[in-house]
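Encoded as structure tokens, the structure appears first; notes follow it.
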Amino acid sequence: MKETLIQYLVCPSCAGTIRISSVVGREQAEIIEGALNCQSCDNTWPIVRGVPRFAAINEVAQDKATTAEKFGWQWQHFTQVETGYENQFLAWIAPVTREFFKDKVVLEGGCGKGRHTRLAAGFGARDVVGIDLSDAVETAFAATRELPNAHIVQADIYNLPFARVFDYAFSIGVLHHLPDPRGGFKSLTSKVKPGGYMSAWVYGAENNEWITRWVNPVRERLTSRIDPRLLLQLSKVPAAIMFTATKTIYGPLNRSPRGASIARHLFYNDYLKAIARFGWREQHTIVFDHLIAPTAFYISGDEFADWWREIGVSDADINWHNSNSWRGFGKIR
């Protein structure tokens, strides 16, 4: 933990001031082992392996704990960095650009292995704080520790240990895996100061009926329940089918105007075209990600728009992305 993080922290129980109460181990700018303390209610939280621990999986509801355990395993296994991540990230948060991050204090809801935390820090943000409930914080910390403006915190998105000080918050592919996606969205936006901005990307209900009808029952009853090590091997079969299709059909066709005119009639073309640029390991990650989640909601456009209206944003920029998901951007009043 970098000491500069302390300026953004408040006690999640009483909103009291948090201070560093002990430092047991330090490596350059990072406190590796130590403790934090609330000056008002005397709550304490450990700093373990460089990460402040405001929540533990065994302290939250079972549905949240199970999801965190599954994704924690995933992001400690699939630690690769792909050259396509930047374009993918900017597509998920459009109309936000690289330049938008300059000098902003940024909060990421659900940082996984830290790939977006790293990108946002590299775009020139003053500070980026990535939170996650899962053990993926270990991977995220390793991926970002050398960046002076990147911070990783283990916390529950519904009980965040931050003051309302952020210029911008975003959540990519996380809210739809929460037991209450809308509640997670509201909690995250509550930490954005008035005049700040929020971005969110979620699975769409529209055009995904084949998933909700055929894939979800298999995921809910089977794949999310089996050992991740076994699922890692089993998921290679559908991943190989998708990889072959993107590399031999969707990718090649969409590289020319004439081919694209044919490809637009193919099943799920917009999405498969988008991931065709990724290699085997990333495409395997995508398939595994869809099969391991105990909880996954597919949000309709109307419901997603309601989320923004509920927090007082009536003019949110909401767009249909890759014909299978929704992305939104708005200014917090």
Can you give the Rg to Rh ratio for segment 179-333, taking only C-alpha atoms and Rh from Kirkwood? 1.02
Ordering of 121-131, 190-200 by packing [mean C-beta count within 10 Å, highest first]: 121-131, 190-200
Kirkwood Rh over alpha-carbon pairs of the chain, then Stokes-Einstein at 37 °C and 0.692 mPa s: what D in µm² s⁻¹, rounded to an integer? 159 µm²/s
Sites SER22 and GLU86 - FRET efficiency at Förster radius 41 Å, r taken between beta-carbons, to 0.05: 0.60
Binned Cα-Cα distance frequencies in segment 13-159 - 5 Å width, integer %: 2, 10, 17, 20, 21, 16, 9, 4, 1, 0
Which percentage, to the nearest 5, of the DSSP beta bridges contained in the chain is antiparallel? 60 percent
Using only Cα atoms, what is the ratio of the radius of gyration of segment 1-53 to 2.2 N^0.38 Å? 1.05
What FRET efficiency would be calculated for the residue pair ILE262, THR4, taking the C-beta separation as r and a Förster radius of 51 Å, to the nearest 0.05? 0.45
With a 10 Å radius around each residue's Cβ, average the other Cβ atoms per peptide and rank 88-94, 275-281, highest first. 88-94, 275-281
For segment 208-333, the dipole about the Cα centre with charges only on Cβ (Lys and Arg +1, Asp and Glu -1), to the nearest 20 debye, works out at 620 debye
Dipole magnitude of segment 225-292, debye to nearest 20 (Cβ charges: Lys/Arg +1, Asp/Glu -1, about Cα centre): 220 debye
Quick one: Cα centre-to-centre distance for segment 1-44 and segment 203-271, in angstrom? 43 Å
Only helical DSSP H runs with n ≥ 4 go in: add -39500 (n - 2.57) per run for the chain, normalise by residue count and round the 222 nm mean residue ellipticity to 500 deg cm²/dmol. -9000 deg cm²/dmol
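Throughout, read-outs are computed from the coordinates displayed, never taken from laboratory work. Since this is a predicted model, take the numbers as computed values, not measurements. Neighbour counts run over all protein chains shown; Cβ positions are idealised from the backbone, glycine included.
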